[in-house]
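Nothing in this text is a laboratory measurement; each read-out follows from the coordinates by a stated rule. Bear in mind the structure is a predicted one, so any value in this text is a computation, not a measurement. Because the Cβ atoms are built from the backbone with ideal geometry, glycine has one as well, and the counts that use them run over all protein chains shown.
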Amino acid sequence: MKIKNLNSKISIQKLLLLSVSVFFCIPVFAQSTEKLIRKGNSQYNDGNYKDAEVTYKKALTKDSTNIKGNFNLGDAIYKQSNYDNAIKTYNSLLANSNLDNSTKAKIYHNLGNAYLKTKKYPESINAYKNALRNNPSDQDTKYNLSYAMKMLQKQQQQQQQKQNKDQKKDQNKQDSTKNNKNDKQNKQDSTKQKQQPKKDQMSKADAERMLDALNNKDKNIQDKLKEQKVVKVKVTTGKDW
C-alpha cells in the first residue's frame with residue numbers, strides 16, 4: 001500500500017481543529033475559564049499557537065481539571081512541534097476519570113500522532129490501538145496505526161543493518177589487530193634467527209685448517225705405504241754342499 005503524505009492523511013490539523021470545537025458544547029464550570037478557553041480557541045484557529053497556549057494555561061489556573069482546556073492546551077503545544085510536552089499533557093489528561101469514550105479516543109489519537117512525530121513507533125502503535133478501543137470506526141486512526149506499524153518495521157530493519165555493519169567492522173578490526181601482531185612476531189623471530197650463528201656453520205679459517213690437517217694426514221699415510229713397499233731382498237747365488 002502506498003503511504004500517502006503523513007500530514008494530509010493523518011489529518012492532524014483537521015482532527016485537532018475539530019477537537020477544539022468539540023468541547024464548545026461541554027457545560028461551563030466557570031464563566032471566566034470558559035471565556036479564556038474561547039479566546040484561546042480563536043487564537044488557535046488563527047494559527048497563533050503560542051498565544052493560544054498562554055491563554056489556555058491562564059484558563060487552567062482557574063480550573064486545572066477542565067478537560068477541554070487541557071485537551072486544547074495539548075493541541076496548541078503539539079502545533080508548535082513541542083511533541084514531548086504535548087505527550088506529557090495528553091498523558092496527564094488521560095488520568096482524568098471523567099473522560100467519555102469519544103474524548104479518550106481523540107486524546108489517544110493525538111497522543112499517537114505526537115509519538116509518531118518523535119519516531120517512538122511502539123508507543124504510537126499502542127496509543128492508536130487504545131484510540132480504536134474507544135472508537136473502533138475511526139478510519140484516520142486505523143490508517144495511522146497501519147502507517148506506524150510500517151515505520152516500525154522499517155526502523156527495525158535499519159537498526160539490524162546498522163548492527164550487522166558495526167559487528168562486521170569490529171570483526172575486521174580484530175582480524176587486522178591479530179594479523180599485525182602475528183606479522184610483528186614473525187619479524188622478531190626472523191631477526192632473532194639472523195642474529196644467532198648456526199651451530200653447523202664453519203668459518204673459512206676452520207675449513208682451511210681442517211683441509212690442511214687432512215692433507216698432512218694423507219701425506220703421512222702415503223709415505224708409510226711407500227716404505228712398506230721397498231723391501232730389501234737377499235739374492236742367493238748358490239748352495240753350499
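Here are some notes:
- The stretch 72-185 shape via C-alpha gyration tensor axes, a/c threshold 1.5: prolate
- Net charge contributed by nearby residues that have their C-beta within less than 13 Å of Ser124 (K/R +1, D/E -1): +4
- Across the stretch 90-210, Cα pairs under 8 Å and at least six residues apart give a relative contact order of 17 percent.
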